[in-house]
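Read the structure below first, then the notes.
The values are calculated or read from the model by the stated rules, or taken from the named source; none is laboratory data. Bear in mind the structure is a predicted one, so any value in this text is a computation, not a measurement. Counting neighbours? That spans all protein chains shown, and the Cβs are built from the backbone with ideal geometry, glycine included.
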Amino acid sequence: MEFSLKFALQAWKNQYHFPVPRIIGDFEMKILFPPRPKGRISPNALGKYESSGQWVVQRKFNGTRNLIHVDCDGRVSMFSRHGDCHKQFNPTESIKKEIVSLNLIKGKEYWIDSELLSFKTKSADYKNRIVLFDLLQAGRYLYRKPNQLERLDMLDKICRSPKDLESGGLAKRVTENIFLAQTFDSDFCGEFKKFIDRDEIEGLVLRKKTSFLENKGLREYSVSWQIRCRKPNKNYTF
């Protein structure tokens, strides 16, 4: 009987898309899942997407998807794309302070999408660095508006519009351990070829300019407005 009630309750939650709860320390919170690229293309197709004028690209970093949550009291938590705490990474107090030092409005809740360069990274210059690349919530969950370009602009302002690149030139430096992915609207092929020999880079992610978050992020999902373009490698397939 108990099992039947649990099964019925879970089915009811699934039907109405209830958020997944997690206990973090001494408080409970709801997990937000990030949009993931549904499609993939060959590098030969980059010119076609660029000429359409509908897309921008960012470098795809060879790390672990990392969802950063800052609650209304300024507490920072980080999760994998599956909604779990990272098994091989525990954010230090120093990194948490760097997140809180961003241009965030006190009392607002934030979810920031990013890549964690941890166990896959060989270089000490990038080990345990975090690359921010999209904003999912700023006070409210950014459902249906603003669009992708507007969200990227909001994220840039949160990072105080950094101009300087980190020492390796792969991303903009925000703080010592926090970087911001660059966004390009031209020369897709050229940007793909840059750093193609670097272990930290997998290729590019294409993002449709006018796309928006049409899913409330209450479970794992994929979207057509993000497309992967990976460099040739025996571990990757197109």
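Worth a mention:
- Selected residue [at pLDDT below 95 and of a type in the set (S, T, N, Q)] from THR237, THR210, THR183: THR237
- Hits in region 129-161 (condition: touching a helix residue (DSSP H, G or I) at 6+ places or on another chain (Cβ under 9 Å) and surrounded by fewer than 17 Cβ atoms within 10 Å (Cβ to Cβ)): PRO146
- Region 103-119 - residue that is part of a loop (DSSP other than H, G, I, E, B) and over 15 Å from GLY139 (Cα atoms) and, of those, modelled with the lowest pLDDT: PHE119
- Residue selected from region 56-78 under the condition part of a strand (DSSP E or B) and touching a Lys or Arg at 6+ places or on another chain (Cβ under 6 Å), by the criterion surrounded by the most Cβ atoms within 10 Å (Cβ to Cβ): VAL56
- Tally of residues being more than 17 Å from PHE33 (Cβ to Cβ) and either in contact (Cβ under 8 Å) with a residue 60 or more places away in the chain or not basic (Lys, Arg) (or both) across region 72-84: 4
- Filtered residue count, region 123-138, keeping only those that are modelled with pLDDT of 95 or more and of a type in the set (Gly, Ala, Ser): 1
- Residue within region 185-193 that is of a type in the set (A, V, I, L, M, F, W, C) and touching a strand residue (DSSP E or B) at 6+ places or on another chain (Cβ under 7 Å) present: yes
- Hey, LYS122 among the charged types (D, E, K, R), in a loop (DSSP other than H, G, I, E, B) and touching an Asp or Glu at 6+ places or on another chain (Cβ under 8 Å) or not: yes
- The listed residue being of a type outside the set (D, E, K, R), under 17 Å from the mean Cα position of the chain (by Cα) and at positive phi, out of GLY203, GLY107, GLY139, GLY169: GLY203
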